[in-house]
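Enquirer: Starting off with a structure, shown below.
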Amino acid sequence: MSKQAVFCIAKGRDQIERIVAELQSSGFSNDDVSVLFPDKTGTRDFAHEHNTKAPEGAATGAGAGGVLGGGLGWLVGIGALAIPGIGAFVAAGPIMAALGGAALGATVGGLTGALVGLGIPEFEAKRYEGKLREGGALVSVHADDADERSRAKDIFKRAGAEDIASASESAPPKH
């Protein structure tokens with residue numbers, strides 16, 4: 001069966017951290033988990049810290065604004081993005097690389113186009129963009145098989161996440 005990603009919308013930092021911690025304890029790799037949410041902390045401070053290229057600087061910059069901490073510190077590639085037409089976001093995991101290019105290139109379609117590029121069906125991508133604009137967070141996890149997809153969906157459901165879905169990945173994340 002093809003590799004897929006499982007997605008959900010989380011509301012609030014506590015729910016995001018609970019989901020990420022449970023994915024970690026369930027055996028998912030930090031390379032397979034992505035989080036994307038609006039940056040409400042003052043992007044300039046965060047971006048300044050991120051540009052030091054010191055992982056602890058990025059975590060400190062984000063932590064100072066109350067954005068990251070706990071389970072989210074486990075994720076790779078934490079950084080700030082400016083997505084055309086939408087605003088500032090914090091991203092972590094494989095989604096950071098995928099959206100980073102889209103954000104820098106000001107792709108047509110903004111966030112929806114970038115999400116479709118990740119393999120999310122257009123209908124879902126538009127819904128996720130709306131939820132992100134409202135302050136929600138997109139959490140995704142790469143799943144190699146039906147068992148992993150089922151485990152991820154169960155974790156999302158237990159945490160009370162919304163809009164849980166899965167889609168074939170256009171290309172597996174590479175580092």
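Enquirer: Points 7 angstrom from Cα along the Cβ direction at Ala146 and Ile164: gap in nanometres?
Expert: 1.7 nm
Enquirer: Return the long-range amide H neighbours of Ser166 (sequence gap of 5 or more, or a different chain), with a cut-off of under 5 Å between placed amide H atoms.
Expert: Phe7
Where a number appears in this text, it was derived from the coordinates with a stated rule and is not lab data. All of these numbers come straight from a predicted model, not from anything done at the bench. FYI the Cβ positions are ideal-geometry reconstructions off the backbone, even for glycines, and counts take in every protein chain you see.
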